[in-house]
Each structure stands twice: as structure tokens, then as C-alpha cells.
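Following: one structure in C-alpha cells, then a few remarks.
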Amino acid sequence: MQQLNLFQPMRSFQGLTVLAFWVLTFQLFCPWHKRSWVWNQFFVLEEYTGNEPLYVGKLHSDVDKGDGKVKYVLSGEGATSIFTIDENTGDIHATKRLDREAQAYYTLQAQAVDRLTNLPVEPKSEFVVKVQDINDNEPKFLDGPYLAGVPEMSPLGTMVVQVAATDADDPTYGNSARVVYSIIHGQPYFSVEPKTGIIRTALPNMDRETRDQYVLVIQAKDMVGQMGGLSGTTSVTVTLTDVNDNPPRFTHKSYQYTVLESLPVQSVVARIKAADADIGSNAEMDYRIMDGDGPGMFNITTDEETQDGVISLLKPLDFETKSSFSLRIEATNRNIDSNFLSMGPFSDITSVKVTVEDVNEPPVFSSPLGKMVVSEDASVGTSIGRVSAHDPDTTNSAIRYSIDRNTDLERFFNVDALSGVISTAKPLDREANSVHNLTIFAIESQDPTQIGKGSALITVLDINDNAPVFAIDYETLLCENAIPGQVIQTISAVDKDEPLSGHRFYFALAAPVAGNLNFTLRDNKDNTASILTKRGGFRRQEQPVYRLPVLIMDSGSPALSSTNTLSVRVCDCDSDGVALSCGAVAYTATGLSTGALLAILGCIITLLVMVLLIVTMRRRRKEPLILEEERDIRENIVRYDDEGGGEEDTEAFDMVTLRNLNVIRDPNVRRDVTPDTPTFFHYPSGARPSYKSLPDNVVFREFIWERLKDADVDPSAPPYDSLQTYAFEGSGSVAESLSSLESLSTDSDQNYDYLSNWGPRFKKLADLYGNCDGTSVFS
């Protein structure tokens, strides 16, 4: 037999008395199944707020005799963390608040074990603790807030939009998730169906032009809307979309505009607009001119951005001809809705008056283009034609004429300022310019700023003043094997003149050669002529080229002619008449005489001798008076003028060379002149020391004086000796001249002791220019 204990305790939850019960499903239909307990699920309320653990149920096995040998063990979801069991009594408690929306049920396993051995006394059994729902979640509009639109003037009950709210509570238990809808704000314009959430119009014929937007507040409440239910709200913005229910209307029945008569064609005369309360395509309209005086003078189009009617000018205005125009203009909607024809007509008409204002206009030529002709041989001052212009204004000012010289740069023509007569100013040449296109200015005498322009097209008529000439430069070849009567060239002519009847040229040989025995000419009567041979046996050795004068005459009146020379070259040709070589033949000499050979040889020898003499004279140079090594040193003296780094600067001067003068100096260098200039230094007779034994300052001074002496006695030295440049100091120097050459000719009493205070770089200068003994060159 199986034993089961059922408990139905009473619990208080949130001030309400609730019967906490557990439904235990036993396997009553299997009474002989060897199990000590059988159940399916327990129930527990969510969101329990008591201070003590919530009692869930009790487990008991018939194996338990109450002697404490059986221990109850709980495992599975939330075991020990959420659910606990009294191992002695089998009481199950929930220790934490449960949320059904977070987890709706928990699956646990229960087992009775021996307390001493921990061996199961019953098989493990599984059960479910289901969290029972309470109404703790309000409805929410997941898609809100909503935006919707409905056409204006819609009938009553037109659907606008459907809203939907969701409730997280259990829809299978109670009314916690059963929602109803209501409208809190937006009446009486709209309504909402309680069960479906469909929003509909509650008033007919709502006008967008009166109000185009509404904001509704919709509420969703659970518990079927009963008191105590939870609720949520959302907003629905409803915009009335436009329909074409308003016709266009002009704000005025008539409009007046004033324009200048000088307004260019295609310019805007005026802009008018018919007001339409609709928007978008429903406000688009077309304008047209119904009738008015001056047909074809104006046109009206629609500005697609502003829907203005733009009146433009099609023809020039003339105040003197017509000073005002009256127009009737209609504006019509393009897109008319047949549902609202009763609100029409969707068009309107207005009147427009355009007044033309007079302006001072420039003179106008009676003919914009005057065509004239003049003969090429017209004399200077010949009248060609006349242009005429007038002032279109009522003042009728006098006109003066002139030619735009940009169109007559060479000043071939003149125009009389008062009469407008055009005459020639220079001789004309049709072949240089056959047509002259002149621009004539007509200027008002009273207002010179008013200038009208006209054109005069002058065509120069041709006369026969050019003689015909060869069409091209002919190159005529005559084969040596040519036979009598053979055509060797066909010629034609050109003439710069252009007679009306066309050209007709006549060809003949000039009188001096008309009866020659070599060639003849045949006029082909088609403005060409053929040159034929009279004989054969032409030889290049006899005459390589023949000059044939040809007379060409035109058919003009008077007729003109010219003589053109045709060159005929005799050539050696092959059997097909193709020229192989033309011109004179060089004779080949079989041998030279002894005199000719001697003459040629003499010429060659003379040329060789002249070449040798020229080379010898160029190479002949006077032997230099000093060695190349000393010349190099002399060049260093030229550059000594640079203000370098003193004795420590070894880049520009080779100090070793200066200290070894006796090594590089050869006393026999000057073989032609014996130097006799005495030294400025006084030595005992026969005891002149070598350069090696002298101090550095004396070495430099001695070296410079030696070079100066050599240059003075050198007959080949140029007058612009480099030593002259070396001594040049310039003018305006604060330090004045430091040159030792200048002190040679003048007694210097300047004190140079301050050089000793300038440091080691100026030590040499201090030695040279400072206080010295009696051997100093400056003493």
C-alpha cells in the first residue's frame, strides 16, 4: 500500500487571502506500481513579499518510519539556491522572490536515502514547480509612438491606423493579459475600437486647410479594463493629407504693369500668381492668354517652383506704334479630383494691362543691309551708294554717319556725314579683296550716345587688268631619242581675272623663236597648248637645255598677254622613254700632260709651305725669363691679396715652398739680363746668408722684393703686371692700406703696434709692420 500526505495551508499574499494548494497527480491507475510517492507538479505564487520562506509542499515516503533513518535530498534547477528541503521532515520552501516572466517553472528531483549509508531507499523521482502568475505587468506599445495619415475630407469611420499593445503576464491564467483600448485625447475627431485597436475618423469632411495634424493618446488596460488593472499609453500623430478641394483664385481681378519699349525680346514682362490653398501636385496650375490686343506679342508660362505665371515678351515693343496692351489670363488646376467637382470650377480669370514707356532709341536704318557694287577701276572719290537712317523717337533728331574703321582698316571708303553717301577713298583691287563688308554708324546729333548700326556690302566688279601666265612651273624633259612631231609637254594658263563669260587663252611661240628648227607649238583651243619637236637627234653634249618663250594672250577687252619661258632639258632615256640622266655631260680626260702635272704639284707644295709657316709662327714664343715653378709662386702672390686665415691658412699658399726658395731658385734663370738691383737688406760683404738661415719675416720680404725686381727688369712683362693689382687697396677703407708696396715710395709714420693685440692669426703682420730693427725694409 502507498501512503501520501496532502497539505493545503492558507497563506496571506499582499493583503489578500489566497488558498495555496498543490495538485499532486498520483498514478492511481497503477496501484500495484512499487513506488513510495508519485506527483507531477507544485504551484507557487510569483513576487512573494513575505519575510519568511514560502512553503511549497511536503515530501514523505512510507519507508520513513519516523525513526530518523531516512533523509530527504533535493536536486535540480534552483535546488539549494531557491528551493530548500528539510532533510528530516521533507518540507520544501522557496527562499527567494520568483518572477514568472523571468522563468515560468523549475524542474527538480527528489530522493529518500539512508541517513547512515547515504544509499537510496527509493528511486529518484522528478517533479515540476510552476510559478503561478499575478498581474504585475502593464500593457506596452512596442511600435509606438505612431505616425499615420488620412486624406482630408474623408467620410466618417475611415480607418487611420491600428495600434497593438502586449502584456507580459500569463494569457492562459485569469485576465492579467486581456487588454482593451480607449482614446484619452483626440476626441471628437477620432475613435478607437476597444478590442482591435483600430483608429477611425469620428467626424466627416475634416479640412486640412483648417487643421492638418492631430495628436491622439491611446490607452491599453489589462484585466479587461476593470478597476485595478494596469495600463499603458502611446501617442498617435495623425496628419491629414491634401486633396484637390480648393480651386485657384487670383487675388486681384486686374493687374497693371509698365515696361520700357527697349525691353529685349524674351525678357520677363510681369509675374502673376493665382492662390491655391492646396499643396503639392494639387496646387499645380497652367496659365494661358485667352485674348487681348497685340496677338503674338506676349506669352505666359508656369514657373514650376513657385507656380507663378511668367509673362514674357515675344516681339519688340515700339512706343510710337502702340503704347499699351490688354490681356485676359486664365489659371487652371492641372490635377482635378472628380470627387470634388462640386467645389469647382477649378479655374479663375484676371485682366492684365501692360503700359509701354517711351525711351530714347538709337537711329534705325531704312535697310539693315545695303548692297552696292563698284568697278575695280573706279577713281578715287567715286560715289558708290547711299545709306539712310532716321530717329524713331518723336524728337526726330538729325543723323550723322561714320564708318566703323575696324571693318575698313585700309580706309578704302568714306561716307558723307550728313548725306550718308559712300565713296571710294583709295584705288581698289578686286583680286586682293572682292567684297567689302562695312559697318555704318548712325549717330543722333542731339544725343551722341544713341548710335544705330547698319551694314553696307560692297562688291568690286572685275576688269581685265591681269595677263595670263603658266598654270605651274613646268619641268619639260626631252629624250635624246625623240622623233619629229613628238609631244613633249602640254601647257595651260591661269588668269587672276574672272570674266563673266569665262576664260579663253591663246598660245603661240614668241616672235624671235617662231621659226626655230627645234620645236613648234600647237594651240589645242581648250585653253591648253602642246609643245612638239620639229626634228630628232638631240644630244646633251651639244646643248643640254633649250629656252622656249611662249606667248599667252587672254580674250579680255583690251586683251592682255605675257611671255613665259619654258625650259626643255635633254635627257638620256631608256627604250620606254623614261629619263635616266639629264643635263650636261662631263668629258673624261684620257691623260694629263707633263706641264699640267707639274703645275698641280707646285700648287700642292705651295699650300704645304704656307701651312708650315703658319704653324711655326703660332708656336714661336719667347722663352720665359723665370721657371714654371717660380711662375706658379708668382701667381700665388697675386692671390695673396685675399684676407685669409693668416699663417695658419695653408689652403691658398704653400708655406714650404716659401721656406725653400734657395732650392727652387735657379740663379741662371735670367740668361739675357744680369740682375743688379741691390737688396734692401745690408749684409757683410760676401756674407749674404741663404734663405734657410733667415727668419720667416725676412724670408717673405726678401722673396717679395726679388719678385718685384724680376718683374721690373722683365722686357716681356705686360704693362698690367699682376703686382699692380696686388698693390690696389680700394678707397674708403677704415683700416686704410696695409700694403707693403705703398710704403716703398712713401715714408709711413703710422703705428701698427695694435696688430700684436689681434691674436696669433695676425702675428706675421705684426712682425712685418711692427717695430723692427735696423734691417727692416721700412726703416
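The values are calculated or read from the model by the stated rules, or taken from the named source; none is laboratory data. Quick caveat, the model's predicted, so the values are computed rather than measured. Glycine also receives a Cβ, built like all others from the backbone with ideal geometry; neighbour counts cover every protein chain displayed. Keep in mind that these areas ignore ligands, DNA and RNA; they rest on the heavy atoms of the full protein, side chains included. Shrake-Rupley method; radii C 1.70, N 1.55, O 1.52, S 1.80 Å.
Taking 25 °C and 0.890 mPa s as the conditions, I'd like the Stokes-Einstein D for segment 469-571 in µm²/s, using the Kirkwood hydrodynamic radius from alpha carbon pairs. Value of D from the Cα-based Kirkwood radius: 171 µm²/s.
By the compact-protein rule of thumb, 2.2 N^0.38 Å, the alpha-carbon radius of gyration of segment 323-399 corresponds to a ratio of 2.44. Could you pull out which residues in segment 493-521 have an amide N less than 19 Å from a spot 7 Å beyond the Cα of ILE483, following the Cα-Cβ vector? Label zone hits: 518-520. Taking 0.36 nm per residue of separation and subtracting the current Cα-Cα distance, fully stretching the chain between THR490 and SER445 would add 9.6 nm. Cross-link partners for LYS273 among the lysines, with Cα-Cα distance under 19 Å and sequence neighbours closer than 8 places in the same chain left out: LYS253, LYS353. Cross-link partners for LYS709 among the lysines, with Cα-Cα distance under 24 Å and sequence neighbours closer than 8 places in the same chain left out: LYS622, LYS692, LYS764. What base-10 log of the normalised intensity I(q)/I(0) is obtained for segment 140-241 from the Debye formula, alpha carbons as equal point scatterers, at q = 0.17, 0.19, 0.23 Å⁻¹? Log10 I(q)/I(0), no solvent term: -0.72, -0.84, -1.12.
Placing dummy labels 7 Å off each Cα toward the beta-carbon, the span from THR172 to ASP86 is 3.3 nm. Across segment 419-439, the residues whose backbone nitrogen lies under 18 Å from the label position 7 Å along the beta-carbon direction of SER397 are 419-420. Cβ-Cβ distance of ASP753 and ARG405, R₀ of 60 Å, FRET efficiency by 1/(1 + (r/R0)^6): the value works out to about 0.10. Solvent-accessible surface of segment 259-343, averaged per residue with a 1.4 angstrom probe and all protein chains in place: 52 square angstrom.
Extension gain, LYS453-LEU142: 0.36 nm per intervening residue step, less the Cα-Cα distance, totals 103.9 nm. Placing pseudo-labels 7 Å out from each Cα toward the beta carbon at THR563 and LEU461 gives an inter-label distance of 3.5 nm. Working note: Cα gyration tensor of segment 364-461, eigenvalues times five, square-rooted, sorted largest first, giving semi-axes of 26, 11, 11 Å. If you take the beta carbon distance between SER326 and ASN299 as r and set R0 to 22 Å, what does 1/(1 + (r/R0)^6) give as a FRET efficiency, to the nearest 0.05? For SER326 and ASN299, the calculated efficiency is 0.90. 3J(HN,Hα) along segment 175-184, derived from phi through the Karplus expression 6.51 cos²θ - 1.76 cosθ + 1.60 where θ = phi - 60°, amounts to 10, 5, 10, 8, 10, 10, 10, 8, 9, 8 Hz, with x in place of Gly and Pro.
Of the GluC sites (Glu not before Pro) found in segment 268-322, those that fall in a DSSP loop while having at most 15 other beta-carbon atoms within 10 Å are GLU304, GLU305, GLU320. Just so you know, the Cα atoms of segment 233-384 work out to an Rg and Dmax of 25.2, 108 Å. One decimal place: the segment GLU357-SER254 gains 35.1 nm when fully extended, by the rule 0.36 nm per residue minus the C-alpha distance. Restricting the calculation to Cα atoms, every distinct pair contributes to the Kirkwood radius of segment 384-530, found to be 20.3 Å. For segment 469-571, the solvent-accessible area works out to 53 Å² per residue, with a probe of 1.4 Å and every protein chain left in place. Under a model in which nothing but the beta-carbon of Lys, Arg (+1) and Asp, Glu (-1) is charged, segment 140-241 shows a dipole of about 120 debye around its Cα centre. With a threshold of 29 Å on the Cα-Cα distance, the over-threshold entries among LYS58/LYS96; LYS58/LYS221; LYS496/LYS534 are LYS58/LYS221; LYS496/LYS534. The ARG539 and LEU607 beta-carbon pair, evaluated with R₀ = 41 Å, returns a calculated FRET efficiency of approximately 0.55. Normalised by residue number, the volume inside the convex hull of the Cα atoms of segment 41-132 is 88 Å³ per residue.
Computed over the alpha-carbon pairs of segment 377-430, the distance histogram in 5 Å steps reads 5, 19, 23, 23, 13, 8, 5, 3, 1 percent, short to long. Within the shell defined by Cβ-Cβ distances under 9 Å, the residues around GLU47 carry a net charge of -1, with Lys and Arg each +1 and Asp and Glu each -1. With the convex hull drawn around the C-alpha atoms of segment 121-196, the volume per residue stands at 135 Å³. Only protein heavy atoms count here; under a 1.4 Å probe, LYS315 has an accessible surface of about 100 Å².
The label point for GLU284 and the one for VAL128, both projected 7 Å from the Cα toward the Cβ, are 6.4 nm apart.
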